[in-house]
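A quick write-up on the structure given underneath.
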Amino acid sequence: MTSASTPSTTPNDGQAPFPAGYVPVPADMAAKYRAAGYWTGRPLGDLLRSSARRYPLRPALLDTADTAAVHTYAELDAAVDRTARGLLALGIAPGDRVVVQLPNVPEFVTVLFGLLRAGIVPVLSLPAHRRAEVEHLAQLSRAVGYIVADRVNDFDYRELARSVQATVPSLRHVLVHGDPGPFVDLTSIPREAGELPEVDPNTIALMLVSGGTTGLPKLIARTHDDYAYNATASAEVCAMTENDVYLATLPAAHNFPLACPGILGTIAVGGAVVLLGDPSPETAFAAIERYRVTCTAVVPPLAQLWCAATEWEEADTSSLRLVQVGGARLAEINAREVTPSLGATLQQVFGMAEGLLNYTRLDDPVELIHGSQGTPLSPADEIRVVDSSGVDVVPGAEGELLTRGPYTIRGYYDAPEHNARAFTPDGFYRTGDLVRRLPSGHLVVSGRIKDVINRGGENISCDELEEHLLTHPAVRHAAVVGLPDPALGEKVCAVLVVDDEMPSLPEIKTFLADRGLATYKLPDILRRSDELPVTAVGKIDKKALRAMR
């Protein structure tokens, strides 16, 4: 198998070759995107560089751990260059992959931009991932490095790093933010001078993690060109300027707070970013008041909690002008509460790390802001709504959303068999989302056709969880379904067929956690059944399982 930094022989539209496993946009479409100005030949590291030149003394990062600390654009830019040179001095080469698993701290931004500037590809793992997910991502990407925090709450990421390094032969470097233990302190890497490599904007910039609709999560390889457009076009839709202060409360490695417009879009316009690890109303509202936050992004359960919390929290949140809600569908009744409660414009965001983003616009009629999930970001986004046979439905009818465009991938990284199912022969991504398209072009999301649970904005693959449950010695058959929940959207329900004594829910959770499964994937509800119901064609009847009491 080709190493992480070894290219394939497939030409990249006359530029540097793509690495093996990457599915490129066809050359004719790439040329159209460049000609139309969607792809501008701008490496992601230049988003920070250009803002540092325009606004060297303006605040770039505001540190909630040290409220007196303000990182200006000039300081952040210099720190990123030092980090990039240090990573290269360690022997990590341009094109190599490094798994990054950091919480919402300023170092996330420094590390991310340092890797981008060095031409090293960050693989962005979520803080909630555990051994099963991280080992998989490191093996799939053939990562040579792993950057983690020391501890977050009661979890020791250094122990996780030991386990992952023992099973992933390519993993030569482990860098730790905080107490490094047996590994390398992130702050002690070399700070040598020297030239940084010229980064080809048409190569892979970073890898995001899919929500995992089937089995273990897939890797989503985004290029500098397409992701820069993702962030800057989103910033334009959100009317972001250098006067905005963006609060990242969701995990920064998520596409939503990272580039919709998120951290990258804010930095592109010279605004300030506040990173917060605790999204509770008490902590978040205090940060909004202290830093005069103007924009933030939350998932529907958090939006509901924040709206309710205005009844008892006394912090001044009047600086907020825009609250984005996405990650799952926001019910219209809850959408109507956001502006009266928080005093900010609501923007519904419906999108995916694979590409397509839909936003309600700031000047949309209020009925569309409350009752739809927006229109596509780009004029070049191609949308189809199809029936189960792949035929376009009549206008206004429900169907599966298919899409392609200048920032939507043409295939998951190194997943040819899955790609054959997830993409049409002409390059449309099968999202698995059921939608209706209104005459205005706005999309209304009505459900999903894939076997996935959306729990508080986190996608959980039923297939993956079922596979883990079946390894339990007491379990003969297992099925996982999502059940409606007013706070989380859906809860995870596992239905088990056992031969002897039924394991308790705490026992099952401990068993799955010991297998290295992320905490958010663990079942909320456990039920026993003598057998699993099946449909007429012999498949497990999950509709019947959801109706069980």
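The values are calculated or read from the model by the stated rules, or taken from the named source; none is laboratory data. Quick caveat: nothing in here was measured; it's all calculated off a predicted structure. Reconstructed Cβ throughout: ideal geometry from the backbone, glycine too, with neighbour counts over all protein chains shown. For the accessible areas, the whole protein counts, side chains as well, though only heavy atoms, and no ligand, DNA or RNA atoms are used. Shrake-Rupley method; radii C 1.70, N 1.55, O 1.52, S 1.80 Å.
Expressed as a whole percent, the accessible surface of region 394-549 that belongs to carbon and sulfur atoms is 52, based on a 1.4 Å probe.
Bridgeable lysines around K491 (alpha carbons under 26 Å apart, same-chain partners fewer than 8 residues away excluded): K218, K450, K509, K521, K539, K542, K543. Rolling a 1.4 Å probe across the protein heavy atoms gives the chain an accessible surface of 39 Å² per residue.
Taking all protein chains as shown and a probe of 1.4 angstrom, C493 keeps an accessible surface of around 0 Å². Report in % the part of the accessible area of region 118-177 that belongs to carbon and sulfur, leaving out ligands and nucleic acids; probe 1.4 Å. Using a 1.4 Å probe with all protein chains present, region 118-177 comes out at 49 percent carbon and sulfur.
The accessible area of M207, taken with all protein chains in place and a 1.4 Å probe, comes to roughly 0 Å².
Sorted by packing (mean other beta-carbon atoms within 10 Å per residue), highest first, where do 317-330, 406-419 land?
317-330, 406-419
How many percent of the accessible area of region 204-357 is carbon or sulfur, using a 1.4 Å probe? Looking at region 204-357 in its full context, I get 51 percent from C and S. The orientation-averaged shadow of the Cα convex hull for the chain, equal to a quarter of the hull surface, comes to 25.4 nm².
How many percent of the alpha carbon pairs in region 58-117 exceed a separation of 19 Å? Everything past 19 Å amounts to 32 percent.
Its alpha carbons considered, region 394-549 gives a radius of gyration followed by a Dmax of 18.0, 57 Å. Each principal axis of the Cα cloud of region 315-452 was taken in turn, and the coordinate range along them, longest first, works out to 52, 34, 30 Å. These residues, F285, F183, go from largest to smallest accessible area, 1.4 Å probe, as F183, F285. Assign one of three labels to region 132-242, namely rounded, prolate or oblate, based on the Cα gyration tensor with a ≥ b ≥ c the square roots of its eigenvalues; rounded applies when a/c is under 1.5, prolate when it is not and a/b is larger than b/c, and oblate otherwise. Here region 132-242 falls in the prolate category.
Secondary-structure-derived ellipticity at 222 nm for the chain, considering helices only, amounts to -9000 deg cm²/dmol, per-run term -39500 (n - 2.57) for DSSP H runs with n ≥ 4.
In summary, the convex hull built on the alpha carbon positions of region 301-354 has an orientation-averaged projected area of 4.0 nm².
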